[in-house]
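*Asks:* If you scroll down you'll find the structure; I have some questions about it.
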Amino acid sequence: MRTLLFFLTCGTLLVAACNNNQPANDQTAAAGQPAASGNTAEAGKASDLTFEEKVHNFGDIVQGEKVEYSFKFTNSGKAPLVIEDAISSCGCTVPEWPKQPIKPGESGYMKVIFDSHGKSGYTEKEISIRTNNGGGYQVGPKIQCNIVAK
């Protein structure tokens, strides 16, 4: 019985070790850093989105108030950048972004509008962004505020 348990444990560990075949850039993305797009030769040519400010805190706002902030970003890559999508975890936070390609070295703004209607207390909302660099969604800027009753 002990021998069977030993072989089952070893087999499970072996299968788990063999299935850990993630590319290095996926492991980087899991660690909170954006994944590089494509292979190493193409990575130097890829578009790359860099925000000047990652977090904006509105401080105290009155419940029901709509606030907005424009985050400045730069294409720090070597290819034109296209923001394909930007989403938030909640419908109360709406991102707006330029639809035209941003050339390398050029900047643009992502406006984030937050509606505090029906919310109270400390709130933090993060924007996830998908670009043409092929890396899927990456973490973008976030807003913070403290919502106080009228």
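The values are calculated or read from the model by the stated rules, or taken from the named source; none is laboratory data. Keep in mind that this is a model prediction, so the values were computed, not measured. Don't worry about glycine lacking a Cβ; one is built from the backbone with ideal geometry, like all the others, and counts go over all protein chains shown.
*Asks:* Pick out, from the range 84-132, the strands (runs of 3 or more DSSP E) lying fully within it that include 3 or more residues that are touching a Cys at 6+ places or on another chain (Cβ under 8 Å).
*Replies:* Per the criteria, 121-131.
*Asks:* Kindly indicate the residue of the range 52-64 that is within 19 Å of the chain's Cα centre (by Cα) and assigned to a strand (DSSP E or B) and also surrounded by the most Cβ atoms within 10 Å (Cβ to Cβ) among those meeting that condition.
*Replies:* To start, the set of residues in the range 52-64 that are within 19 Å of the chain's Cα centre (by Cα) comprises 52-57.
Right, trim to assigned to a strand (DSSP E or B) and you get 55-57.
Details: VAL55: 12, HIS56: 17, ASN57: 11.
Residue satisfying both the conditions and the ranking: HIS56.
*Asks:* Right, here's the next one. When you go through SER89, SER70, SER107 one by one, which is the residue that is over 17 Å from the mean Cα position of the chain (by Cα) and without any contact (Cβ under 8 Å) to a residue 60 or more places away in the chain?
*Replies:* Of SER89, SER70, SER107, the one residue that is over 17 Å from the mean Cα position of the chain (by Cα) and without any contact (Cβ under 8 Å) to a residue 60 or more places away in the chain is SER107.
*Asks:* Also, quick follow-up: Return yes or no: is LYS99 in contact with a Ser or Thr (Cβ under 8 Å, 6 or more places away or on another chain) and surrounded by fewer than 17 Cβ atoms within 10 Å (Cβ to Cβ)?
*Replies:* No: the conditions fail for LYS99.
*Asks:* Sort through SER89, SER47, SER76 and tell me the only one that's among the polar types (S, T, N, Q), within 14 Å of THR131 (Cβ to Cβ), at pLDDT below 95 and touching an Asp or Glu at 6+ places or on another chain (Cβ under 9 Å). Walk me through it before giving the result.
*Replies:* On the way: SER89 fails: within 14 Å of THR131 (Cβ to Cβ); SER47 fails: touching an Asp or Glu at 6+ places or on another chain (Cβ under 9 Å).
Going through SER89, SER47, SER76 in turn, the sole match is SER76.
*Asks:* Separate question: Would you mind stating whether VAL67 is aliphatic (A, V, I, L, M), loosely packed, with under 13 Cβ neighbours inside 10 Å and modelled with pLDDT of 95 or more?
*Replies:* no
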